[in-house]
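Structure first, then comments.
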Amino acid sequence: MAESIAKHKNKTLNKDYYYYQHTYREKINPNHLGKIKGTGKSKVITESVYLGTARDILEAIKGSRSKYYKAKEKKVLGYL
C-alpha cells in the first residue's frame, strides 16, 4: 500500500528520530481471495524499521559510499 519515512521528535532530548514504515493489507483468512467488497476481512499491517537520527543516517551513507569507492579502486588497481 504505502512506504514512507516518518520523523518522530523526542521532546525531552529535543532530537528527531527517523523510521522507515511499510504498510499493507493482509487477508485474515488466506482462503478468501479477491479485492472487492465481501471477499473476506483484511487487516492493515505496518512494519517499522528504526533508521536513527539524521547524523546516523548521514554517516551510514558516507560509510557505504566509501566502501563502494574503495572496492572500485581495488578492482581498477587489480587490472593494472
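Residues are listed down the side, and each one gets a yes or a no for (1) surrounded by 10 or more Cβ atoms within 10 Å (Cβ to Cβ); (2) at pLDDT 80 or above; (3) of a type outside the set (D, E, K, R):
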| residue | (1), (2), (3) |
| --- | --- |
| Thr12 | no, no, yes |
| Lys43 | no, yes, no |
| Glu59 | yes, yes, no |
| Lys62 | yes, no, no |
| Leu77 | no, no, yes |
Cβ contacts < 8 Å: first residue within 16 Å of Ser4 (Cβ to Cβ), restricted to the stretch 26-53; second residue of a type in the set (S, T, N, Q), any location; separation 6+ or different chain. Result? Val44/Thr23; Ile45/Thr23; Thr46/Gln21; Thr46/Thr23; Glu47/Gln21; Glu47/Thr23; Ser48/Gln21; Val49/Gln21
Considering each residue of the stretch 1-24, count those that are of a type in the set (S, T, N, Q) and in contact with a strand residue (DSSP E or B) (Cβ under 6 Å, 6 or more places away or on another chain), and give that number. 3
Quick check: is even one residue across the stretch 16-35 under 13 Å from the mean Cα position of the chain (by Cα), charged (D, E, K, R) and surrounded by 10 or more Cβ atoms within 10 Å (Cβ to Cβ)? no
Got a number for residues in the stretch 20-67 being among the basic types (Lys, Arg) and in a loop (DSSP other than H, G, I, E, B)? 3
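The values are calculated or read from the model by the stated rules, or taken from the named source; none is laboratory data. Bear in mind that the values here come from a model prediction, so they are computed numbers and not experimental data. So basically every Cβ, Gly included, is an ideal-geometry build from the backbone, and we count neighbours across all protein chains shown.
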